[in-house]
Structures are given as structure tokens and as C-alpha cells.
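**Student:** The structure follows.
All of the numbers you see were taken from the coordinates with simple rules; none came from a lab. All figures in this text were calculated on a predicted structure; none of them were measured in a lab. Glycine gets a Cβ as well: all are built from the backbone with ideal geometry, and neighbour counts include every protein chain shown.
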Amino acid sequence: MKLIRKAIATVSRFFMKGLAVLATLVRPGQPTALVVTPLSRPEERPRMRALWIVLATVVGLGMMGLAGAFAFIYSGIYDIAAYRPHLEITNKVLTLVKRRSVEFHARDLIVPELDDADLIQRGFVLYRDHCVSCHGAPGEARAPMGVGVNPNPPPLEKAVEDWSHAEVAWITAYGLKMAGMPAFGLGKGPLDLWAITAFVKRLNTLPPEEYRNMVAATRGEYPMAEIRWLPENQGWELLEQRSDDDRGRRLVEYYGCTSCHRIPGAPGLQAMSGPPLHNWRVRHYISGRWVNNPINLARWIQNPQAMDPKTAMPNVGVTEEDAWAIAGFLYTLE
Amino acid sequence: MNMKNRKTLLTPIRVTMVLCFSIWIAGCTRAPERLTEEDFLPDVSRGKDLVSVYACSACHEIAGVSGIPGNIGPPLTEWGQRKFIAGRVPNEAHILAQWIQNPQEFKPGTAMPDLGVSKVEALSMAAYLYSQ
């Protein structure tokens, strides 16, 4: 008891000292006097006036701001046309709001097992019926209603990189205000939502041709009803064993890759006949058709004509070993 | 607070009211507008808008377009320097416009979809890409 009283006394003493210091700051030359009494003294009146002026300015500016905002809205000058893109700042704010809000609200969602084949198949059917119209699919365009939506519905091959599975499910279930994303949870159960998530999660390993086959299969035009996903390990372990960044860099120079491609960190011409290869590891497709993984990339480097007979990229006679070394180097590019 | 003070406070409000009124009047007195064919001629700045509206930048990295650069397809920065479209046809404006309109015809099975772009729109987008 005694201790507590002592503590309170000490704290209040400090508090009073702090007040005294503040008072000196506000009214220099009058050290320890308290704030309340002297304000009403006649010689303090100019200070009161100053306070009033500050207050009036703040209130006045606030009212002018409000009036200005109202005038802006009511005049109709704001261009609400989806045809013209958002301002950079609007985009940034919307993106940040979306990112933080989804992360916050989906933080406790428990993700079930998503690798079940039946679940993925069910997800595919739902995706085809509900998602393609705005997001498209590998090689398939969004429907006319999905073109010109602003902000643009992103391609979902990328969703796996940007959002966790729980976040994908949350967005699917509850939708996104200000983005035109509908809440698909309406009229659906959790199983459907996790099915869509399970399919979206695998979308970036689905070649465009295979997606087309799946759609044809559900219409009965194509015998395959099973999804042929790319192998679980798409060569990343092999790449780990076979790659040698330094050798890869030297081989890129030796085979003259930079005569046609811009490759950061590699010596040579850095021409632009072919696509620039910066950030290669996040690129989704090779030659716009093959899923970008080490197996496909090593094959492509060795013999591009075998994968795309009409491509302008020549077969420069890269050995298998060299192709893996080059692939290893390309996946390190920033 | 005396009358003079109140007057200084009222002035900004009056100014705002006059401003609102003039904006309103300006809105009323504009001549009627019709969409004409000329509004739909190929145009670089419209091309820039279209590249964003058709979500090209969702898949491609394109200079001057806001948002996170897409990584589904190849970057289209400094497009004018590129020699080939889709790795097979020469990079010329009219061919690029055809590719934008109908990629599946050029390269069956490509991940790039036909988005239903009109010819003029495709030419505008091509013009923007070359201007980068």
C-alpha cells in the first residue's frame, strides 16, 4: 500500500514538472504558473486572440475543403469512365487497401487438403463456369463482359504467387469491393470454394493446350476426362544438381544468346530480336505455349524448333549438359 | 468577435459559392456532342489507355502503364527494337495490329487469347508500343 502511494506521488510529481516545463514553452518568462488562471488576465488577451485566429483558420480551411470536395463531386468533373485507367495514386491506394484487408481478414482461415484430384476436377468445372468470363484461362480469353473492367481482373495463373491459398479462398467467397469481384460464397458451400482454390492453386502448371483439352472433354469432344498436370517436380531438383551459374554465364556468351536476347549480367551485344530475359524465373510461358519450368527450358534451349517449328530462334547446337547450365543461370536473373 | 472578423470568414465561402455556380453554368452551356468516326482513328494516347483497358499489362511488362508489371508473357518494353512478333513474323505495325487482334490465328495454341480488339484499337495499341 505504502509502495503504491509512493509510486503515485512520484509519478504525479513528474507530471507536474512536465506541465511546468510545457507552460514555460507556451508562455516564456512565466515559469511555474498554471495555465488556467492567467489566461483570463487582461494582459493575456492578445494571446487569446491569436488562439481564436488559429482556430478560425483551421475551421475555415476545413469548411472550404469540404465545400471544394462537394463542388468537385457535384460538378461531375470526375471522370468515372472505366475506359480511362485510374491515376497511379488511386491504383496504389486501392492495391494497398486490398492487400492489407484480405491479409487481415483471411488470417485465421484453416486450409484443408487441396491436392485431392476430385476436388481439383470440381474446381475446374466451377472455374470454367464462373471465373473464365472475367479472368480468362491459359490460352482462353475473358468474355466480353470481362474486358474493360477497371481495375482489371488479374490473370489467375499469377494468383498463386501473389496470395496464399487461404486468401484466394477468402477473396472467392466474399468478393472485393471497389474491384468488381463478386462474392461467390453466395449460394455455395465451403467445398465449392476450396475446390476453386484447389484448381487456381495449380493453374500455373497447366499448359494452354491441356486446358483446351479439358474444356473439350467436358463437352464430350475429347476422350480424356482426367487432368494431365505437369509432373510434381518440374525439374527444380535436377536444376539444383546440374546448374552452375558461372559456367552458365560463360556459355550464354559462347553460344551468342545475347545476340538476340537482352540478358542482364551477361556479356555481349544485348540485342532485342527476341524477348528480353530479365526476371526469367517469374515468367510463366516459354514461347507463349510451354509452362516455364527447368525441364521445358532445357529442352527449348537445346532444340527450339522441336517445340515450335516456326520459331525464329535457331538451334545453335547446345548440348544437354550446357542447356541445364544455361537454364540454371537464366533462373538467377533479376 | 466583431463584424470585420466575420466578414473575413465569409469571403472564402462566397468565393466557393461563386465557383460552384460558374462550374454549374459551364456544365449547362456546352454544345451537344456526337461520337464521330474521327473519334475512332488510330491514336497513340488512346493506344496507351487501351493497353491498360484491355489488360495487356496484366500479362506483359509495358513502359508507362501503372500497376505491377505482368509476367505471364514477355516484356514489351522498347518494343520498337524487337525484330519478331511471337518469334516468327517480322515486327511491323500492320502485322503487330493483326497479331493483337488475332494471336490464335498466327500461332495456334498460344497462351495469348483473342480479346475481340477492333482493327483501329489494335493499330492504336501498336502505335503506343512503338512510341515507347
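**Student:** When A:T57, B:T36 are ordered from fewest to most other Cβ atoms inside 10 Å of their Cβ, what list results?
**Tutor:** The fewest-first ordering by Cβ neighbours comes to B:T36, A:T57.
**Student:** Another question, then. When chain A is modelled as a GNM with alpha-carbon springs shorter than 10 Å, which of A:D79, A:D245, A:D118 fluctuates the most?
**Tutor:** Comparing A:D79, A:D245, A:D118 in a Gaussian network model of chain A, the most mobile one is A:D79.
**Student:** Further question on the same structure: Please list 3J(HN,Hα) in residue order for the stretch A:171-176, calculated via the Karplus relation 6.51 cos²θ - 1.76 cosθ + 1.60 where θ = phi - 60°; whole Hz, with x for glycine and proline.
**Tutor:** Rounded to whole hertz, the list is 4, 4, 6, 9, x, 10.
**Student:** Compute the Rg/Rh shape ratio of the stretch B:27-132: radius of gyration over Kirkwood radius, all on alpha-carbon atoms.
**Tutor:** Rg/Rh: 1.04.
**Student:** Rounded to a whole number of µm²/s, how large is the Stokes-Einstein D of chain A at 10 °C and 1.306 mPa s, given Rh as the Kirkwood radius over C-alpha pairs?
**Tutor:** It comes out at roughly 61 µm²/s.
**Student:** Along each of its three principal axes, how wide is the spread of alpha-carbon positions in the stretch A:245-334, in whole angstrom units, largest first?
**Tutor:** Computed over the Cα atoms, the extents are 29, 26, 25 Å.
**Student:** Right, another one. In peptide A:269-280, how many Cβ atoms from other protein chains are near each Cβ within 10 Å, on average? If you can, show how the numbers build up before the last one.
**Tutor:** Details: counts 0, 0, 3, 9, 6, 5, 8, 8, 2, 3, 4, 1.
Whole-number average of other-chain Cβ neighbours for A:269-280 is 4.
**Student:** Let me ask another. Given the -39500 (n - 2.57) contribution per DSSP H run of 4+ residues, what per-residue ellipticity at 222 nm results for chain A, rounded to the nearest 500 deg cm²/dmol?
**Tutor:** Taking each H run of at least 4 residues, the total per residue is -15500 deg cm²/dmol.
**Student:** Among the trypsin sites (Lys or Arg not before Pro) in the stretch A:260-334, which ones are in a DSSP loop with at most 16 other Cβ atoms within 10 Å of the Cβ? Mind listing them?
**Tutor:** A:K310
**Student:** Averaged across A:147-158, how many Cβ atoms of other chains sit within 10 Å of each residue's Cβ atom? Each step should come with its number before you reach the end.
**Tutor:** Working: counts 6, 5, 2, 3, 4, 9, 2, 7, 9, 0, 4, 6.
Per residue, the number of nearby Cβ atoms from other chains is 5 on average.
**Student:** Something else: Output the pairs from A:K310/B:K48; A:K98/A:K158; A:K98/B:K48; A:K310/B:K107; A:K158/B:K83; A:K158/B:K107 with a Cα-Cα distance over 19 Å in this structure; if there are none, say none.
**Tutor:** A:K310/B:K48; A:K98/B:K48; A:K158/B:K83; A:K158/B:K107
**Student:** Let me ask something else. Do any trypsin sites (Lys or Arg not before Pro) in the stretch B:37-101 lie in a DSSP loop with no more than 10 other beta carbon atoms within 10 Å, and if so, which?
**Tutor:** Here no trypsin sites (Lys or Arg not before Pro) fit, given the DSSP loop and packing criteria.
**Student:** Through the Karplus equation 6.51 cos²θ - 1.76 cosθ + 1.60, θ set to phi - 60°, convert the phi angles of the stretch A:319-331 into ³J(HN,Hα) values in whole Hz; use x for Gly and Pro.
**Tutor:** 6, 4, 4, 5, 4, 5, 5, 5, 4, x, 5, 4, 6
**Student:** Same structure again: Which distance in Å, rounded to a whole number, links the C-alpha centroids of the stretch B:73-132 and the stretch A:250-326?
**Tutor:** After rounding, the separation between the Cα centres reads 21 Å.
**Student:** Then there is this: Taking the Cα centre of chain A as the origin, how large is its charge dipole in debye, to the nearest 20, when only Lys and Arg (+1) and Asp and Glu (-1) carry charge on their Cβ atoms?
**Tutor:** 2560
**Student:** While we're on this one: The stretch A:129-160 to the stretch A:189-223: how many Å between their Cα centroids?
**Tutor:** 14
**Student:** Can you run phi through the Karplus equation (6.51, -1.76, 1.60; θ = phi - 60°) for the stretch B:96-107 and list ³J(HN,Hα) in whole Hz, with x for Gly and Pro?
**Tutor:** 3J(HN,Hα) across the stretch B:96-107, in whole Hz: 4, 4, 5, 4, 4, 6, 8, x, 5, 6, 5, 9.
**Student:** Considering every residue in B:50-61, what mean count of other chain Cβ atoms within 10 Å of its Cβ is obtained?
**Tutor:** 5
**Student:** Can you give me the long-range amide H partners of A:M181? Hydrogens built in the peptide plane at 1.01 Å from N, cutoff under 5 Å, separation of 5 or more residues or another chain.
**Tutor:** For A:M181, the qualifying residues are A:L176.
**Student:** What does the C-alpha gyration tensor say about the overall shape of the stretch A:96-151? Classify as rounded when a/c is under 1.5, otherwise prolate if a/b is larger than b/c, or oblate.
**Tutor:** Cα axes put the stretch A:96-151 in the oblate bin.
**Student:** Under 5 Å between amide hydrogens, which residues at least 5 positions from A:Y285 or on another chain qualify, with H placed 1.01 Å from N in the peptide plane?
**Tutor:** Here the answer is A:N292, since their amide H atoms fall under 5 Å of that of A:Y285.
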